Each structure stands twice: as C-alpha cells, then as structure tokens.
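Worksheet: one structure, shown below.
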Amino acid sequence: MIIIKSLKEIELMREGGKILAEIMERLGKAVFPGNNTFEINKLAKELILKAKGTPIFEGYGDKKNPYPAAVCISVNNEIVHGIPRKEKILEIGDIVKLDIGILYKGMITDMARTYPVGKISSEAQKLIETTREALNVGIKIIKAGTKLNDYGRVVEKHAKLNGFSVVYDLVGHGVGKKLHEDPFIPNYPAKHVESVFKEKMTVALEPMINAGTRYIKLMPDGWTYATKDGKLSAHFEDTIVVKKNGVEILTRI
Ligand code: MF3
Ligand code: CO
C-alpha cells in the first residue's frame, strides 16, 4: 500500500532530509586514504545523534543478523550494504559508497553518495558521474502521473549510453513512515510494474550502476552485495516528494 504523506509529514521530512544532506557532506570529507570505514561510521553516528536524529539502519532486518551500523559503506566492487570495519582501510583509487537513513521527528529520509579516494581512474570517474547523472535525469521527468517505468527507462538509457549496466535486483522504494514502503521502484523498465508517481508520495530513488555486468552476489556476511564480475559499482540516492508539476528533492542542502 502506497502511503501518501500529509503536508506536515512532508515538512518534517524536508527538515530531516536537510540534516541528512549536511551529515553526508561532512562524511564525504572523511573519505580519504588511510581512513577506515569503522571510523567513518563512528563519525556518522555521532553526527546523527548530535542532530537529534536516530540512525535507522542500525538493528535493521532479521533478528538473527541485524544490520550492525549507522551507515552502509561499500567499496569498489561492493554495490550496497557494506559493513564498516576497522580493517577496511581506504586506498588511493578506491570509490566509496556511503548510504544513510535517519529517523527525525518521526519521519525517515534515505540517501547515498559515491566518493573517490584521492585520484581515481578515468573509468571510475565516468562511472560515478554517469550514476549521478542517471539519478538526475530520472528525477527530472517525474511529476504526478509519471509512470514508474518511464523513470526506469531514462535511468537505464543513460547508463547504457555510457557503456554501463543498471543493477536489476536492488531497487528504490517509498520512504517516510518506514524505511521501505511501497512502491518498489526499479531503475529499469520492468514488465510487472504499472504504477505511477502520485502527488505527495515520498520515495527514495537509488540507481546502482555497474562498470561490467548487472549481476550481483551476496557476500558471506549476509549483507554486502557485490558485483558478480568483481568490477566497480556506483550508487546515488535521494529522497524526493512528488508534486503536481515536478518533484522536490528533500536530501539536498
Ligand atoms: N538505503 C538502503 C536501502 O534502501 C539501505 C538500507 S539497508 C540497512 O536498502 F539494513 F542498512 F538498513
Ligand atoms: Co534506500
């Protein structure tokens, strides 16, 4: 069931989204050679609590193997849901995906960015730029009444045009009262998807784009998804609210 938000709820997500975007900007500065992903998570948690938010990813999922951190940190071939670790030390040339969700005044916002560590290859740079652009071209066509599949079509087209592939097995989602609400939003046109974006729907759009094939594998930790062929992957995510004539991006400063 799609949950349409009230103006009050949207206002709270606007506040929370801005805080989240500010936290992300600070964390981006912690992505440097020699730092480890455990430290970045520690900083993320401190910043979230200081802003009077709650790290919504911590404890998420199955009771037997809940997600253990405030921020998902995925490096290079890891696509999403990487787990921060002291041993994971960033090196020049790496690309790092940070994905955070916070609960603020009862509402959830969710965002992700991909950062370079020092100087990276031109292929990696192009992958990051293409993924950022793919999210933006997708966002540009959305207004009340736009088909979910039209969003997916322009995102995938942009990836393919640049020689990359879109991950099919992980998708965007409604967000706000819960981290994952209906509808699920593929970053490609999917046969079974018929719904349209509706006014005052709040959704997290999150293309994951691979340098090689679109196929993914789940790592033994039960959380980290990586590319099947070991090649690079990039990820950008924003929480938006759908309006009559366009959208408002909630997770930008
Ligand atoms: N933004 C991601 C998603 O929407 C991260 C959530 S997974 C979690 O799937 F376990 F870390 F919460
Ligand atoms: Co998400």
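Please treat every number below as a calculation from the coordinates, not as lab data. This structure is a prediction, so every number in the text was calculated from the model and none was measured. So basically every Cβ, Gly included, is an ideal-geometry build from the backbone, and we count neighbours across all protein chains shown.
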State all residues of the stretch 67-109 that are at positive phi and within 14 Å of ligand 2 (Cβ to nearest atom); if no residue qualifies, say none. His81
Output the residue which, of all residues in the stretch 194-215 that are crowded, with 21+ Cβ neighbours inside 10 Å and not in a loop (DSSP other than H, G, I, E, B), is farthest from ligand 2 (Cβ to nearest atom). Asn210
Could you grab me the full set of residues in the stretch 161-192 that are surrounded by 15 or more Cβ atoms within 10 Å (Cβ to Cβ) and not in a loop (DSSP other than H, G, I, E, B)? Ser165, Val166, Gly172, His173, Gly174, Glu181, Pro183, Phe184, Ile185
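Taking Val242, is it part of a strand (DSSP E or B), among the β-branched types (Val, Ile, Thr) and away from ligand 1 (no atom under 16 Å from the Cβ)? Don't jump to the end; show me each part of the working.
On the way: part of a strand (DSSP E or B): yes; among the β-branched types (Val, Ile, Thr): yes; away from ligand 1 (no atom under 16 Å from the Cβ): yes.
For Val242, the condition - part of a strand (DSSP E or B), among the β-branched types (Val, Ile, Thr) and away from ligand 1 (no atom under 16 Å from the Cβ) - is met.
Among the residues of the stretch 35-48, are any among the polar types (S, T, N, Q), within 13 Å of ligand 1 (Cβ to nearest atom) and part of a loop (DSSP other than H, G, I, E, B)?
Narrowing the stretch 35-48 to residues among the polar types (S, T, N, Q): 35-37, 41.
From the residues that got through so far, the ones that are within 13 Å of ligand 1 (Cβ to nearest atom) too are 41.
Subsequent filtering for residues that are part of a loop (DSSP other than H, G, I, E, B) retains none.
The answer is no; no qualifying residue exists.
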Selection from the stretch 167-210 of residues that are among the polar types (S, T, N, Q) and within 14 Å of ligand 1 (Cβ to nearest atom): Asn187, Thr202
Failed condition for Ala112, given (1) buried (at least 24 other Cβ atoms within 10 Å of the Cβ); (2) away from ligand 2 (no atom under 15 Å from the Cβ); (3) small (Gly, Ala, Ser): (2)
Restricting attention to the stretch 168-193, the residues that are within 14 Å of ligand 2 (Cβ to nearest atom), β-branched (Val, Ile, Thr) and out of contact with any His (no Cβ under 7 Å at 6 or more places or on another chain) number exactly 2
Leu47 - would you say it is among the aliphatic types (A, V, I, L, M), surrounded by 15 or more Cβ atoms within 10 Å (Cβ to Cβ) and under 20 Å from Gly118 (Cβ atoms)? no
